[in-house]
1. Rounded to the nearest 10 degrees, what's the angle between the helix B:328-337 long axis and the longest principal axis of chain B, both from Cα atoms, 0 to 90?
2. If the only charges are +1 at each Lys and Arg Cβ and -1 at each Asp and Glu Cβ, what is the size of the charge dipole of the range A:1-124 around the Cα centre, to the nearest 20 debye?
3. For the charge dipole of chain B, defined by +1 on Lys and Arg C-beta atoms and -1 on Asp and Glu C-beta atoms about the Cα centroid, which residue among B:LEU87, B:LEU391, B:ILE314 has the Cα displaced farthest towards the positive pole?
4. If you plug each phi of the range B:121-127 into the Karplus form 6.51 cos²θ - 1.76 cosθ + 1.60 with θ = phi - 60°, what whole-Hz ³J(HN,Hα) values come out, in order, with x for Gly and Pro?
5. May I ask which residue of B:ILE402, B:GLY37, A:TYR48 lies farthest towards the positive end of the charge dipole of the protein assembly as shown, with charges of +1 (Lys, Arg) and -1 (Asp, Glu) on Cβ and the Cα centre as origin?
6. Given N residues in the protein assembly as shown, what is its alpha carbon radius of gyration divided by 2.2 N^0.38 Å?
7. Place a +1 charge on the Cβ of each Lys and Arg in chain B and a -1 charge on the Cβ of each Asp and Glu, then give the dipole magnitude about the Cα centre in debye, rounded to the nearest 20.
8. Would you mind ranking B:MET129, A:MET139, A:MET123 by Cβ crowding within 10 Å, fewest neighbours first?
Amino acid sequence: MIVQMTENRHPLDDEVVRFDAVMRHYTVGNEIVRALDGISFSIRRGAYCAIMGPSGSGKSTMLNILGCLDRPSSGAYWLNGKNVAEMDDNALSDHRLRNLGFVFQSFHLIPQLTVSENIEVPMFYLGLPHAERRRKAEMLADRVGISHRLRHLPSELSGGQRQRVAVARALANDPAVLLADEPTGNLDSATSIQIMGLFQELYEQGKTVVLVTHEPDIAAYAKANIVLKDGRVLSITGKEGVM
Amino acid sequence: MNQILHFWPFIKLGLTDVWRHKARSFLTMLGVVFGVGSVIAMLAVGEGASQQALDSIKRLGSENIMVTSVKPSSEDGASTGAQRGRLAVYGLLYDDEVRIRETVPGVVVTVPARMTRRNARVNERQLEMRVVETVPEWFDVVQRPVLAGRVLTANDMRMRSNVCVLTEYGVRRLLAAEGILGQHIRIASGVFEVAGIVKNETGGAVRAPDSEADAYIPLTTGTRLFGEANIRYSAGGMEGEKVELSEIIVKMADTKKVEAGSKAIEAVLTRFHKKKDFRIDVPLTLLREAERTKRTYNIVLGAIAGISLLVGGIGIMNIMLASVTERTKEIGIRRAIGARRSRIVIQFLINTCVLSIGGGIVGLLLGVAIPFLITVFTDMPTVVQPYSLILAFGISVGIGIIFGLYPAMRAAELDPIEALRHE
């Protein structure tokens, strides 16, 4: 089952992510690099999906576009019913704020802020009042099992704890998609299992989870795999929620 | 209020950031501290000096014209009076006073005075005083608070009495703690009873008619005792000068007549004086000049202060640019989470404003303290004007915004993908 070319149409209600013939070209010197060369697929709400591929397969470019940090050169990317390709910088920022929860390989917590403050950052940009931010941060910390460390700085936590904080922060604005980039890349295997367990829980609670990884072990946790190669979709397996 | 609440988290963020880099923030602030401090201090010193100058000019009286005898620059050629031996004869005459009073329109009163320096003595205590031989109207024209006793009267003039009025300063030097009024002091060849004491007015950039140890005696008494020639004997022989009047103070009916009056006086005197042996000072003109000088002074001070503030601002900008580089990753994280560019701009602007306003507040205190210390230690008057505080504070906020804008824009323009990759 290779690429499914679908006609360019508005996504269905439960299609939370939809790529329509997405291309992303870079010009390096005189050469055009086709990082993504016509990719189409869609992910249903509540799916647990991994995007895989070796380095050079277009995985990073895919992540940037999925994360609304970059826009396709052509084609359409629909996230939660809105076409990202048509957005300006402010709209894109707002879209990230409301619809995406990022979890990074190296955690990317703000070192000067406490755990609670880190979790509050997205809510702060959303304009929630202080008391509500506090309350929600406590709730989220409880959900990822880090509530005993709310007043600590990230530097005082272990890698696994930091990633839990990052997950809590990603969940802060109740995003449509939880997007994790090699979430266990900096963790030992025991901690990795715990973090993957956390994603599993979130999936069971109904969250849409998208993992981007090159490790088959990690991808195995997901219910569906999209494999990239040379900027194209090589295969889609599992099919649960993905097409 | 809502806006302040909205920005409060950013302000808190800025404050914690400044606090985290205490030493760096402090050094950065110093530029603004000294800039703002020097603006306030310089304005205060300048204002103090010019107010003092203006005050002393105003004390001369804005309706007054001062005509003063001056020694002509060259003694040879035709001179006003005869030149006998080495006796220099020049200056204003009794007739000049009458001429001015009778011919110049708008004159209210003319006050003649002759000023000489003579030795005064009480027992063994000695002091060289300026002896002002004048008329009672002097005290109407040159107003001084009377501390004790009385000033000269018409009766003193008529009787040619040996009475004198001393300035506070002269009294302190000469009489010390002894009973003052009614004391007798010897001035040159005469013995005078102290009739009153007036307050001294010291200091000031402009020559005041009485700024030292003065003894006022009736003009008639002076003429009777000392004559009009002031002769000093020295090893080389005798040297002296004959001046009938050292000064005539002309009081006009109002300030509008002063300018025309001074021209008329000049015309009258020029007709009767072959040489230019007098000078006419108009306090009103001096006042205008002083005000012009003050403006120039303010411009120069403003330029100096402006440069120091500019240097302070550049210091802040420099640090903020370094801070943007240092916090590239944080900016990337915030952008990835969903912060708009404008939020990043605000965050960095508030950060610079915290620095510049903090510096501004410390500078404000410094700017108030320096003039205070100057006044305490040097007796120089200083005036800290409220507007200069508001100005300085406004400038420090302005500097934060102006010099913070560029680093903030740089921060906001960072590509979030690149910024996240930054180590």
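1. 60
2. Working: 11 positive and 14 negative charges, 55 e Å.
Here the range A:1-124 has a charge dipole of around 260 debye.
3. B:ILE314
4. Coupling constants for the range B:121-127: 9, 10, 6, 8, 7, 10, 7 Hz.
5. B:GLY37
6. On the way: Rg = 44.9 Å, N = 666, 2.2 N^0.38 = 26.0 Å.
For the protein assembly as shown, the normalised Cα radius of gyration comes out at 1.73.
7. On the way: 51 positive and 42 negative charges, 179 e Å.
Using only the charged Cβ atoms, the result is roughly 860 debye.
8. Details: B:MET129 26, A:MET139 13, A:MET123 21.
Ordered by Cβ neighbours within 10 Å, fewest first: A:MET139, A:MET123, B:MET129.
Only the coordinates and a few stated rules stand behind these numbers; no lab work does. In this text the structure is predicted, and so the values were computed from the model without any measurement. Neighbour counts are summed over all protein chains in view; Cβ atoms, including those assigned to glycine, are modelled from backbone coordinates with ideal geometry.
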